[in-house]
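Beneath this line is the structure, given in structure tokens, with notes to follow.
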Amino acid sequence: MSETVKIIYQGKEYEYPVIEGTMGDKGIDISSLRLDSGLITLDPGYKNTGSTLSKITYLDGEQGKLMYRGYPIEQLAEKSSFVEVQYLLLYGELPTEVELEKFKASLKDYSFVNDRVRKILNGFPSTAHPMGVLASLTGSLTAFNPKVVDVAHAADMFHAVTRLLAKFPILSAWTYRLSKELPISESDPSLGYVENFCQLMFSNQKKDFKVNPVIVDAIDKLLILHADHEQNCSASTVRLVGSSHAGLFTSISAGISALWGARHGGANQAVIEMLETIKTGGGRLQKWVDKAKDKDDEFRLMGFGHRVYKNMDPRAKIIKKAADDVLEQLGIDDEVLDIALGLEEVALKDEYFIERKLYPNVDFYSGIIYRALGIPKEMFTVMFALGRLPGWIAQWKEMRQTDQPIGRPRQIYTGATTRDYLPMSER
Ligand code: CMC
């Protein structure tokens, strides 16, 4: 017998089915509520609102669990590669050798960018934030690929998806090169996806440029950890924009803009800036924890707290260990890592953080690794975007292929009641 929930309003009873997911999570299907009763639900920030059914990513915030297509994030971070995870997110299964080769070949085939995009890039000042440049360049790809993707046609989708995945590392690396006023770089088809990205970022057109495998491995792992996170702000943006049947590139460009904010992906840059400020100010950790607790102060401890995790973010656990390994392997002694460890310790013992279940999130340690790899802090959120791209595309693809209605929330109006227009002389 399936469960139901009853709502009693003005003496009338309405019954709604409880929908259960494969991992046991439950929600009330109120899709006919307004039609039945005239009521809507009010849930600012969608804290209790499920916008969709999805088969892509499962996360249990209370237990600190994250899985892509059923595979625990810990196993994927240890055993898989970013390209394999891209395929998994998009197609629901780990690829066979043949499938992976075909996927990789297509990524190589599309790894070039139209010359005119370079002109657009050069129109930006080198002081522009890389995330703004990345959102604009990604949106501009629509102009060079105007054909509407047939979402029901597997080959059409395969090419649309691999085209975007292939061009994105180039655009991402170019935003960095613009900020450093370096000449733009070209893809090297002899290299793997992540290795090629490193080359695109750091090569100075030297033929003998060699990428450090420690760096490639660390970036690969970080990209896997960021690859999807179900209905977060940027993924929901991609779905919402895409639900109007706006194209793939435009929907992803909107997702990049949503990710940029300091409460979402922009937190990784904000964390390092915060840790550097603490270091410069003499490392007084309690002062910053107190500042974060002060309700008259807007400051929040960056890299702490999460809408869904009320336990340690499982990605943060993996990244903390990876940060340690990378610093050791590269022989870097970074005082900022010690400050981060100290801050985590002070905060986790503090009643304010305990009560509110505020734990370090994915962004708390990722910046320390990026810094050790020589990636400037303005690029941290671009790195997040590069990792999140397959997740955004998978969410867009699932939304379009399950033919979801256009996203259109309602509101409770609290403005002025009806009144007559006042001529200027009477205002
Ligand atoms: N420092 C101090 N207090 C905090 C923090 C923080 N980092 N995060 C939440 N709180 C407090 C908040 O003030 C509120 O207190 P009260 O109940 O007394 O009003 C309570 O904890 C609940 O916070 P909330 O803002 O209602 O929670 P939310 O789910 O709306 O926000 C968040 C989640 C991630 C936006 C928030 O925790 C935050 O701003 N954290 C810092 C930014 C950050 O690290 N963002 C990266 C998130 S992980 C990467 C990603 O997936 O985007």
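The values are calculated or read from the model by the stated rules, or taken from the named source; none is laboratory data. Since this is a predicted model, take the numbers as computed values, not measurements. Cβ: placed from backbone, ideal geometry, glycine included. Neighbour counts: every protein chain shown.
So, in region 125-172, how many residues would count as being assigned to a helix (DSSP H, G or I) and closer than 30 Å to residue 380 by Cβ?
Within region 125-172, residues that are assigned to a helix (DSSP H, G or I) and closer than 30 Å to residue 380 by Cβ number 28.
Quickly run through region 212-249 and pick out the residues that are under 17 Å from residue 200 (Cα atoms), touching a helix residue (DSSP H, G or I) at 6+ places or on another chain (Cβ under 8 Å) and acidic (Asp, Glu).
220
Residue by residue, here is whether (1) more than 16 Å from the ligand (Cβ to nearest atom); (2) of a type in the set (A, V, I, L, M); (3) under 17 Å from residue 373 (Cα atoms); (4) touching a Gly at 6+ places or on another chain (Cβ under 7 Å) holds:
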residue: 162; (1), (2), (3), (4): yes, no, no, no
residue: 165; (1), (2), (3), (4): yes, yes, no, no
residue: 186; (1), (2), (3), (4): yes, no, no, no
residue: 212; (1), (2), (3), (4): yes, no, yes, no
residue: 232; (1), (2), (3), (4): no, no, no, no
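Just checking, which of 119, 47 is farther than 30 Å from residue 184 by Cα and surrounded by fewer than 14 Cβ atoms within 10 Å (Cβ to Cβ)?
47
Exactly one of (1) farther than 22 Å from residue 55 by Cα; (2) of a type in the set (Val, Ile, Thr); (3) surrounded by 22 or more Cβ atoms within 10 Å (Cβ to Cβ); (4) more than 11 Å from the ligand (Cβ to nearest atom) is unmet by residue 280. Its number?
(3)
Before we move on, is residue 266 over 17 Å from residue 171 (Cβ atoms), more than 16 Å from the ligand (Cβ to nearest atom) and out of contact with any Asp or Glu (no Cβ under 8 Å at 6 or more places or on another chain)?
no
Got at least one residue in region 29-46 being of a type outside the set (A, V, I, L, M), assigned by the TED database to the domain that holds residue 215 and in a loop (DSSP other than H, G, I, E, B)?
no
How many residues are in a helix (DSSP H, G or I), more than 19 Å from residue 63 (Cα to Cα) and within 11 Å of the ligand (Cβ to nearest atom) when one looks only at region 292-321?
Within region 292-321, residues that are in a helix (DSSP H, G or I), more than 19 Å from residue 63 (Cα to Cα) and within 11 Å of the ligand (Cβ to nearest atom) number 2.
Wholly within region 180-291, which helices (runs of 4 or more DSSP H) include no fewer than the required count, namely at least 1 residues that are more than 26 Å from the chain's Cα centre (by Cα)?
So the answer is 267-280.
Can you tell me which residue among 155, 143 is in the same structural domain as residue 254 (by the TED database) and modelled with pLDDT of 95 or more?
Going through 155, 143 in turn, the sole match is 155.
Conditions (1) more than 30 Å from residue 218 (Cα to Cα); (2) modelled with pLDDT of 95 or more; (3) away from the ligand (no atom under 16 Å from the Cβ); (4) not hydrophobic (A, V, I, L, M, F, W, C), marked per residue:
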{"position": "7", "(1), (2), (3), (4)": "yes, yes, yes, no"}
{"position": "26", "(1), (2), (3), (4)": "yes, yes, yes, yes"}
{"position": "30", "(1), (2), (3), (4)": "yes, yes, yes, no"}
{"position": "43", "(1), (2), (3), (4)": "yes, yes, no, yes"}
{"position": "56", "(1), (2), (3), (4)": "no, yes, no, no"}
{"position": "61", "(1), (2), (3), (4)": "no, no, no, yes"}
{"position": "64", "(1), (2), (3), (4)": "no, no, no, yes"}
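Of all residues being under 9 Å from the mean Cα position of the chain (by Cα) and more than 18 Å from residue 77 (Cβ to Cβ) in region 382-393, which is surrounded by the most Cβ atoms within 10 Å (Cβ to Cβ)? Just the residue, please.
Looking at the filtered set, the residue picked out is 392.
Could you please tell me which pairs satisfy a Cβ distance under 6 Å, a separation of 6+ or placement on different chains, a first residue in region 149-168 that is under 11 Å from residue 397 (Cα atoms), and a second residue that is not in a helix (DSSP H, G or I)?
From region 149-168, the pairs are 160/149.
Each row is one residue, and each column tells you yes or no for (1) small (Gly, Ala, Ser); (2) at pLDDT below 90; (3) out of contact with any helix residue (DSSP H, G or I) (no Cβ under 6 Å at 6 or more places or on another chain).
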| site | (1), (2), (3) |
| --- | --- |
| 303 | yes, no, no |
| 306 | no, no, yes |
| 309 | no, no, yes |
| 318 | no, no, no |
| 325 | no, yes, yes |
| 329 | no, yes, no |
| 333 | no, yes, yes |
| 337 | no, yes, no |
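Which of the following residues is within 11 Å of the ligand (Cβ to nearest atom), touching a helix residue (DSSP H, G or I) at 6+ places or on another chain (Cβ under 9 Å), touching a residue at least 60 places away in the same chain (Cβ under 8 Å) and farther than 30 Å from residue 71 by Cα: 289, 271?
289
Sort through 74, 13, 84, 78 and tell me the only one that's more than 24 Å from the chain's Cα centre (by Cα), outside any loop (DSSP other than H, G, I, E, B) and charged (D, E, K, R).
Details: 74 fails: more than 24 Å from the chain's Cα centre (by Cα); 84 fails: more than 24 Å from the chain's Cα centre (by Cα); 78 fails: more than 24 Å from the chain's Cα centre (by Cα).
Unique residue meeting the criteria: 13.
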